[in-house]
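Trainee: To start, I am sharing the structure in question, which I have written as C-alpha cells.
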Amino acid sequence: MTIFIEAGIKVLLAFVFLLVTVLLLVWAERKWVSDLQNRIGPERAGPFGILQTLADGMKLFFKESLTPTKAEFGIYIAAPVIALLPALLIFLVIPIGAPIEINGTEYTLQVVDLNIGLLYILALSSIAVYAVALAGWASGSKYPLLGSVRAAAQMISYEAAMGLALVPVVMFAGSASIATIVEGQQGTFGSFVPAWNIVLLPSFVIFLIAGFAETNRAPFDLVEAESEIVGGYHTEYSGIRFAFFFLAEYINIFNISALTVTLFLGGWGGPVPTGLPTAIQWVLPIVYFLIKTWAVVFFFVWVRATMPRMRYDQLMSFGWKRLIPVSLVWIMLCAVALGFRNFGAPWS
Amino acid sequence: MTDLIWLVVAIPLVGAAVNLFLGKRIGEPLSGWIGFGAVAASFLIAVEPMLGFFAGDSEPSTHFLFSWIPVLGVNAELLWDPLSALLTMIVTGVGALIHLYSIGYMHGDERFPRFFSYLNLFIASMLILVLAANYAVMFVGWELVGLSSYLLISFWFTKPTAAAAGKKAFIVNRIGDWGFLVAMMLIFAAFGTFDFDIIFGTAPGVLSVTMATAITLLLFVAAAGKSAQLPLYIWLPDAMEGPTPVSALIHAATMVTAGVFMMARSAVLFELAPVSGGIVATIGAATALLAAVIAVSQRDIKRVLAYSTISQLGYMVLGVGVGAYTAGVFHLTTHAFFKALLFLGAGSVIHAMSGEQDMAKMGGLRKKMPITFFTMGAAWLAISGIFPFSGFWSKDEILAATFAQGGAWYLLWGIGIVVAVLTAFYMTRLFVLTFLGKPRWDADAHPHESPASMTIPLIVLGAFTVSFGLVNTPFRLSFEHFLEPSFHGIPHVEGLTNVLITSLASVTLVVAIAGIVVAWRRYRVDELPVEVGGWWDRALVGFGVDDLYGRWIVAPGRRASELASRADAVVLDGAAHGIATGVRSAGEALKPVQSGRVRTYAGILAVAAVALVVVTVLVGGGF
Amino acid sequence: MIALAVTTSWYMMLAAALFSIGVAGVLMRRNALVMFMSIELMLNSVNLTFVAVGSDLGLIEGHVAALFVIVVAAAEVTVGLAIIVAVFRKRASADADQLAELRG
Amino acid sequence: MSEVIVFVIFAAVALVGAISMVSARNPVYSAMGLLSTMFSLAVLYVVLDAHLVAAVQVIIYAGAVMTLFLFVIMLIGVDKADAYGRQVPAQRIMTFVVAIGFFAAIALAARSAWITGSGAFGDPEMNGTIEAVSDELFGTWTIVFLSTVMLLTIAAVGTIALAYFGAEVEDEEALL
C-alpha cells in the first residue's frame, strides 16, 4: 500500500511542479522574445510582470466557452482533455534528481521507472496527435480542419524521425528505462569530460528538430500558422477549453526540454562535492537538472524568435527525405560501432 | 593468409555484381578498371599463400564456407593445394592481363560494362571450379563456367552467327555435363560422399576396376565437352564469334583447360582404370592430329588458333591418359601463356586491320606493329616447340612420357611427333602470312600498333612464354615437386634415362624445325600458293563433321520433335482443351456466385469458418 | 467475498466477442473504411488470444506472435488505405458495394 | 481481486468501443470506438505482463494506424449518407446470425480442454519485458523478423507507387 501512497504523493507533486513551471515558462517566453525583439514585454502585473500569466489564466477561466453550431460536441469537448493528458503523463517518467535515501529507504525523484520508459514516451506523444486532429475536425470549420490535417501529417512524420533518433540512445544504454539511461551518463570520458549522450550528435540534433515539430513550435508551427489559417486547430476554441490547449503546449515544451536533458545532456548529473550536508547533496542534482532544462527552453524560445516558418512541402520533404534517411544511416553506424565494441573487430 | 581464400572467389563475384547493376552509371573506362581491379586483387591475395607451396613449407588446406546440402553431408568447401593454387594463379593472372587488354579492345562498345561483368563472372566461376574441395562444388563451378562462356561467346548477340555459336557451345557442353552428373552419381554411390579428401584417400581399397572405369570414362565425357576433344570439339571453332579477349581467356587459357584440370584432379581414379587411360590417350592423340590437319587449311587467323587450341588440348589429354599428370598440367600452364598471347596478338592484329580476319589479306605487318610482332614471334616459337621456349619443355615431357610406356604406345608417340610437325607448319604459315611478305591489305586499311593497355599484357605474357618452361626441365623438376602434394601417392612415369630424354627431345626439336622450314619455304614468297579445291576445301570446313552431326543427329532429332509436336497438338492439347472447356462451362454456371461485392464474399467466408470450427470441435471431441 | 480469478478463458471469451463484432462490422457496413477498421478489430482480438495464451503457458512466443501480427497489420493498413484513397480519387466514394466491377 | 476489477472495466470498455465502432454512422466515431478498444486491450496486455506488446500496441495501433485512419477520413470527407447496407436481402439478420454463430463457435472451441487446461496463469517467471521478447525475437525468429522488414519495405514502396500512379490517372483525366 505504501507504494500507492508514494506514487500518489509523487504524482501530485509532479502536477503542481508542472503547473508552476508553465506559469513561469509563459512569462519567461514573453519576456525573452520581447528582449530579443527590442520590446519591453509584460511589466504591469507583479514585479517584472511575473504575474501576467496568472492574470491571463484567470481571464480565460472566467470567459465564456463558445461552441460552433456545426461542431461535433462530444469530440469537441474531449479534444482539449486529450491534449492535456499525455502532456502531464509524459513527465511522470522523467527523473528530476538523483535518488535520495530517507531512513534507509531509497526514493527515486521520478514517479515511475518503467522498463519500457522510452516507448511509453513515444506512445504518449503519439496520442497527442489525436487532440489536434480531433479538435480541428470537430470544430466543423475549415481553417481548423486544414490545421488538423496538416498537424496529423506533420506529427506522424516527425514522430518517426524522433523514434529513430532515440534508437542509438537505447542501443548504447542497453535499456529503454529512463533511469538506466540517466545512470549511464554519470561517468566521464577521460578525467573530466562528462559522458553525456550528446556524443551521439546526429541523434541529438534529429531529436531536437523532431521535438520542435512535435511541439508545433517555430519554425514548424504550420499547425497554427496565424497568417495562413487563422489559428489552426484551436481557432474555434475559447475560454477554459483554449486554456487547456495552451497549457498542454507549454507543458510539452518543458517536457521536450527535460527529455533532451535527460536523454542527451546527462539528466541530473553534475559535480556534487562530497562532505556537504545531505540536504544540499539532494538538492544539487535537482538544481543541475533545472538549469540544463531551462537552458534548452531558452534555446526553444530563441529559435522561435529567430527562424521564419517553413513551407509545407519543405517541411514534409525535410522530414522524410533528410531526417529519416540520416537517422537510419546513423543507426547502422551505431550498430557497427557497438558490434566492434561488444564483439571485437571481425578480422581480429 | 590462406584463411582469406574465399575472398579470391568473392571479389570477382562482387565485381560482376557491381558492373551488372551499376555498370551503366559507372560508365566506360571505370567499369573496366573495376573488373580488372577485382581480378588483380584476387591474384594478389592468392600470391602469398601460393609462394608457401613453392617454399615447401605449406600444407594443403580445406576451407569450410557453409553447410550446403546437410542431408548428403555436402559442404561448400574450398581446397587450397598446389594444383588449385597453380590454376588460381593462371586464371587470375592471365585473366587480369586479359581484362586489361579488354579495356583497350572493347573501347567504344555500348555494352562495355556488361562485358566486364560477364568476364568477372567467368573468373569467379572458374575459381569456384578450380578451388572446389568436392565434386558437388566443382560441378557448380563447371556449370557456371558453361553459363558465362555462353554469355560471352554470344556477347554480340545481334549477330546471328554469334548467337548460334553461343547456343552450340552451350548445348555441346551439356552433353559433357551429363557425363559429369552421372559420374557424380556413381561416385556418391561408391563412396557416399563427394569430398576429394575421402574419395582419393580411400579409392584404392573401395573402388572396383569396373566402377573406376565407368566413373573415369564418364568424367572423360565431361572433360571432352569442356576441353573440346573428339567428338565434342565442334563448338570451339565456332566460339571464335565472341570478342577476341574472350577467345583468349576462355577458349585458350582457362575454360578449355577445365577438363584437363578435372582429370588431373581425379588422377587417383584414373590410376585405378588403365583401360580408361588408354581410351583417353588415344582420343587425345586423335584429336590432336585431326585438329592440326584442319588448322593447316584455315584462312581465318582466329580459326587457325582455335583448331590449334584443340590440337594442344589433345596433347594435354594425351599426357593425362598416359599417366603423366604433371606433364599435362605443365603443358596446360605453358599453353595458357602462349595461347593467350597468340589470341591477344591476333586480336591486336584484327583490331589494327579494323576487323579483318582473313590472313590472305594481311602480310607485312611487322613494321607497323613491332610489339605485336615480337611477342607473337615468341609465342610462335613456343608453340612450335623450339628450344628453349616454354612449349618445347612441356610438349616434350608429354611425348617422352608417352614413349616411356612402350608397346602400342609408340604409335601414339608417333602421332604426337606428326602433330608436332603440323603444329610448327601451320603456326609458321600463320606467322609468315600475317607479319612478313608484302602487304596485301585493302587500300583503305591503316594498320597501327594497339594502345598500351593492349600491348602491356602482350609483353608480360611474352616474358612468361619465353621463360616459364625453365621451371620444369628434365634436369630440374621444380614444377613437379611443387605439384607433388596434389598427386600424392601417384608414381612418376618411369623408365626414362637422361640419354633417352635428350634424344627424344632432339627428335621433336628436329621435326619442329623441319616443319618451320617447309612452311617458310612455301609461304615466304611473293606469290602465295593457291589453296583451294580437293583436300583444302574439305579441311577448311573441318571435314564436314558439322554436316555429319547435322545429318545424323540434328535432323533425326528435329523429325522426332516434329512428330512429337503433332502428337502434342492432337492428344495433349485435345485433353487440355477439353479440360479447359469443362472448366469454362463450370465457370459460366458458377458465375452468379461472384457478385463482386466484398461483403458477400466475407459472409461466405464467415459461414464457412463457423462450419469449420464446429466440425473441428465435433471431430476433436471437444464436448 | 468469492475468490474470483481471471482465467485464460475470460480473455478467450472477450476475444471471441470482439472477433464476432468485427465479423458483424465487415458484413454490415458499406463504408470501406469501417470495414477495414472491423478487420483491424479482428486482428486485435486474435492478438489478445496470443498474448493471453502465451502468458498462460509461460511462452514468450505468444508475445512475439502478437508483435508480428501488429507489424503485418501496420503494413496492411498503409497499403489498404492507399488503395482506398486511390479508389476514392476515381470514384469519389468509399462505398464497398459500388466496387463490383469484378462481378462474374 | 484487483485483477478482476481491472479486467471487467476494460473488457467492458473494449466491448462498448467495438460495438460503437460497428454501429456509429459517422466514421470518426467509429475510429474513436476502435481506439478505445485498442487502449483497453493495451491495459489488458499490461495485466498479462506483456509490457512491450502493450507499448507497441499503443505506438503502432493508436499512434500510427488509427491516426492514419483518421487522416484518411478527414482527407476524403465523411460520407454521412452511408448507412448499413441493404443490397443483400435480410442482411442484418444474416449478419447477426453469422456473428452469433461465430461467437458460439469460438466459445465452443475455447471451452475445449486444450486451451484452458491449466486454468490460472502458469509461469510466474515469464515477463514480457523488452529484453525477454527481443531475446526471442532476434534469436529464434530472426528470419521471420527480417521477412517482416521486407514486408514493411514492400508495403512502403507499394503505397508510394499507388499514390503516384493514382496521381497520373488523375492527370490523364484532366487532360482528356
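Trainee: Have a look at D:Ala11, D:Ala55, D:Ala31, D:Ala50 and point out the one that is in contact (Cβ under 8 Å) with a residue 60 or more places away in the chain and on the phi < 0 side of the Ramachandran plot.
Mentor: D:Ala50
Trainee: Conditions first: (1) in contact with a Lys or Arg (Cβ under 8 Å, 6 or more places away or on another chain); (2) within 26 Å of B:Ala281 (Cβ to Cβ). B:Ala223 passes all but one, so which condition is the exception?
Mentor: Among (1) in contact with a Lys or Arg (Cβ under 8 Å, 6 or more places away or on another chain); (2) within 26 Å of B:Ala281 (Cβ to Cβ), the lone unmet condition for B:Ala223 is (1).
Trainee: Right, here's the next one. Would you mind stating whether A:Ala165 is in a helix (DSSP H, G or I) and at the interface with chain D (Cβ under 8 Å from one of its Cβ atoms)?
Mentor: Here the answer is no, as A:Ala165 does not meet what is asked.
Trainee: Within the stretch D:45-69, how many residues turn out to be farther than 16 Å from C:Ala65 by Cα, open to solvent by less than 10 Å² (accessible area, probe 1.4 Å) and facing another protein chain (nearest Cβ under 7 Å)?
Mentor: The number of residues fulfilling the criteria is 5.
Trainee: When you look at A:Tyr143, is it more than 10 Å from chain D (Cβ to nearest Cβ) and either touching a strand residue (DSSP E or B) at 6+ places or on another chain (Cβ under 9 Å) or more than 21 Å from A:Ile209 (Cβ to Cβ) (or both), yes or no?
Mentor: yes
Trainee: List pairs: first in the stretch A:68-92 and within 12 Å of chain D (Cβ to nearest Cβ) and under 12 Å from A:Ile121 (Cα atoms), second open to solvent by 10 Å² or more (accessible area, probe 1.4 Å) and in a helix (DSSP H, G or I), Cβ under 6 Å, 6+ apart or cross-chain?
Mentor: As it stands, the answer is A:Pro86/A:Leu124; A:Pro86/A:Ile127; A:Pro86/A:Ala128; A:Leu89/A:Leu124, since those pairs meet every condition given.
Trainee: Which pairs have Cβ atoms under 9 Å, sit 6 or more apart or on different chains, and link a residue in the stretch B:52-76 that is outside the structural domain of B:Phe191 (by TED's automatic domain parsing) and under 17 Å from B:Phe139 (Cα atoms) to one that is surrounded by fewer than 11 Cβ atoms within 10 Å (Cβ to Cβ) and modelled with pLDDT of 80 or more?
Mentor: Hits for this filter: B:Asn75/B:Phe66; B:Ala76/B:Phe66.
Trainee: Filter the stretch B:309-332 for residues that are part of a helix (DSSP H, G or I) and over 19 Å from B:Val421 (Cα atoms) and give the result.
Mentor: B:Val320, B:Gly321, B:Tyr325, B:Thr326, B:Ala327, B:Gly328, B:Val329, B:Phe330, B:Leu332
Trainee: To continue, here is another question. Return the pair list, or none, for Cβ contacts closer than 6 Å from residues in the stretch C:45-73 that are over 17 Å from D:Glu136 (Cα atoms) to residues that are modelled with pLDDT of 85 or more and not in a helix (DSSP H, G or I), at least 6 apart or on different chains.
Mentor: If the second residue must be modelled with pLDDT of 85 or more and not in a helix (DSSP H, G or I), no pairs are left.
Trainee: Which condition from (1) under 30 Å from B:Trp235 (Cα atoms); (2) modelled with pLDDT of 80 or more is the one that B:Leu540 breaks?
Mentor: Evaluating B:Leu540 over (1) under 30 Å from B:Trp235 (Cα atoms); (2) modelled with pLDDT of 80 or more leaves (2) as the failure.
Trainee: With respect to the numbered conditions (1) modelled with pLDDT under 90; (2) within 20 Å of B:Met262 (Cβ to Cβ); (3) touching a Gly at 6+ places or on another chain (Cβ under 9 Å), which one is the sole condition not fulfilled by B:Gly192?
Mentor: Every condition holds for B:Gly192 apart from (2).
Trainee: Any chance the stretch A:115-137 includes a residue that's out of contact with any Asp or Glu (no Cβ under 7 Å at 6 or more places or on another chain), at positive phi and open to solvent by 20 Å² or more (accessible area, probe 1.4 Å)?
Mentor: The answer is no; no qualifying residue exists.
Trainee: Still on this structure, please answer the following. Given the structure, is B:Leu152 at negative phi, out of contact with any Cys (no Cβ under 9 Å at 6 or more places or on another chain), buried (at least 19 other Cβ atoms within 10 Å of the Cβ) and touching a residue at least 60 places away in the same chain (Cβ under 8 Å)?
Mentor: yes
Trainee: Conditions first: (1) open to solvent by 40 Å² or more (accessible area, probe 1.4 Å); (2) in contact (Cβ under 8 Å) with a residue 40 or more places away in the chain; (3) over 22 Å from B:Gln312 (Cα atoms). B:Pro388 passes all but one, so which condition is the exception?
Mentor: The one condition B:Pro388 does not meet is (3).
Trainee: Restricting the stretch B:519-534 to residues that are at pLDDT below 75 and among the hydrophobic types (A, V, I, L, M, F, W, C), which is least open to solvent (accessible area, probe 1.4 Å)?
Mentor: For the stretch B:519-534, the residue satisfying everything is B:Leu528.
Trainee: What tally of residues in the stretch A:172-216 results from selecting those that are at positive phi and of a type outside the set (S, T, N, Q)?
Mentor: Matching residues across the stretch A:172-216 total 2.
Trainee: Name the single residue, out of those in the stretch A:306-326 being closer than 16 Å to A:Ile156 by Cα and among the polar types (S, T, N, Q), that is most open to solvent (accessible area, probe 1.4 Å).
Mentor: It comes out as A:Gln314.
Trainee: Within the stretch D:108-146, can you find the residues that are at pLDDT 75 or above, open to solvent by less than 60 Å² (accessible area, probe 1.4 Å) and of a type in the set (Ser, Thr, Tyr)?
Mentor: Within the stretch D:108-146, D:Thr129, D:Ser134, D:Thr142 meet the criteria.
Trainee: Does A:Leu263 satisfy being modelled with pLDDT of 85 or more and either of a type outside the set (Asp, Glu) or in contact with a Ser or Thr (Cβ under 8 Å, 6 or more places away or on another chain) (or both)?
Mentor: yes
Trainee: Here is a follow-up. Within the stretch D:87-107, how many residues turn out to be crowded, with 16+ Cβ neighbours inside 10 Å and at pLDDT below 70?
Mentor: 2
Trainee: Next up: Going by what's in this entry, would B:Val619 be described as surrounded by fewer than 10 Cβ atoms within 10 Å (Cβ to Cβ) and under 30 Å from D:Ala104 (Cβ atoms)?
Mentor: Considered against the rule, which asks whether it is surrounded by fewer than 10 Cβ atoms within 10 Å (Cβ to Cβ) and under 30 Å from D:Ala104 (Cβ atoms), B:Val619 comes out as yes.
Trainee: Give the stretch B:575-603 a look and list any residue that's open to solvent by 50 Å² or more (accessible area, probe 1.4 Å) and assigned to a loop (DSSP other than H, G, I, E, B), or say none.
Mentor: Matches in the stretch B:575-603: B:Gln594, B:Arg597.
Trainee: From B:Gly192, B:Gly205, grab the single residue that is on the phi > 0 side of the Ramachandran plot and surrounded by fewer than 24 Cβ atoms within 10 Å (Cβ to Cβ).
Mentor: Sole residue among the options that is on the phi > 0 side of the Ramachandran plot and surrounded by fewer than 24 Cβ atoms within 10 Å (Cβ to Cβ): B:Gly192.
Trainee: When you scan the stretch B:564-587, how many residues do you find that are more than 9 Å from chain C (Cβ to nearest Cβ) and either touching a residue at least 24 places away in the same chain (Cβ under 8 Å) or not aliphatic (A, V, I, L, M) (or both)?
Mentor: 11
Trainee: Could you tell me which of the residues A:Ile181, A:Ile198, A:Ile209 is more than 23 Å from A:Asp113 (Cβ to Cβ), more than 12 Å from every other protein chain (Cβ to nearest Cβ) and either out of contact with any strand residue (DSSP E or B) (no Cβ under 7 Å at 6 or more places or on another chain) or not in a loop (DSSP other than H, G, I, E, B) (or both)?
Mentor: A:Ile209
Trainee: Okay, moving on. Can you tell me which of (1) small (Gly, Ala, Ser); (2) in contact with a helix residue (DSSP H, G or I) (Cβ under 9 Å, 6 or more places away or on another chain); (3) surrounded by fewer than 21 Cβ atoms within 10 Å (Cβ to Cβ) is the one B:Ala420 doesn't meet?
Mentor: B:Ala420 satisfies all of (1) small (Gly, Ala, Ser); (2) in contact with a helix residue (DSSP H, G or I) (Cβ under 9 Å, 6 or more places away or on another chain); (3) surrounded by fewer than 21 Cβ atoms within 10 Å (Cβ to Cβ) except (3).
This table checks each residue for (1) open to solvent by less than 10 Å² (accessible area, probe 1.4 Å); (2) in contact with a Leu (Cβ under 6 Å, 6 or more places away or on another chain); (3) at pLDDT 90 or above.
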residue: B:Ala295; (1), (2), (3): yes, no, no
residue: B:Arg303; (1), (2), (3): no, no, no
residue: B:Thr326; (1), (2), (3): no, yes, no
residue: B:Val329; (1), (2), (3): yes, no, no
residue: B:His351; (1), (2), (3): no, no, no
residue: B:Gln357; (1), (2), (3): no, no, no
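The values are calculated or read from the model by the stated rules, or taken from the named source; none is laboratory data. This structure is a prediction, so every number in the text was calculated from the model and none was measured. Backbone-built Cβ (ideal geometry, glycine too); neighbour counts: all protein chains shown. The area values use the complete protein model at the heavy-atom level, side chains included, leaving out ligands, DNA and RNA. Shrake-Rupley method; radii C 1.70, N 1.55, O 1.52, S 1.80 Å.
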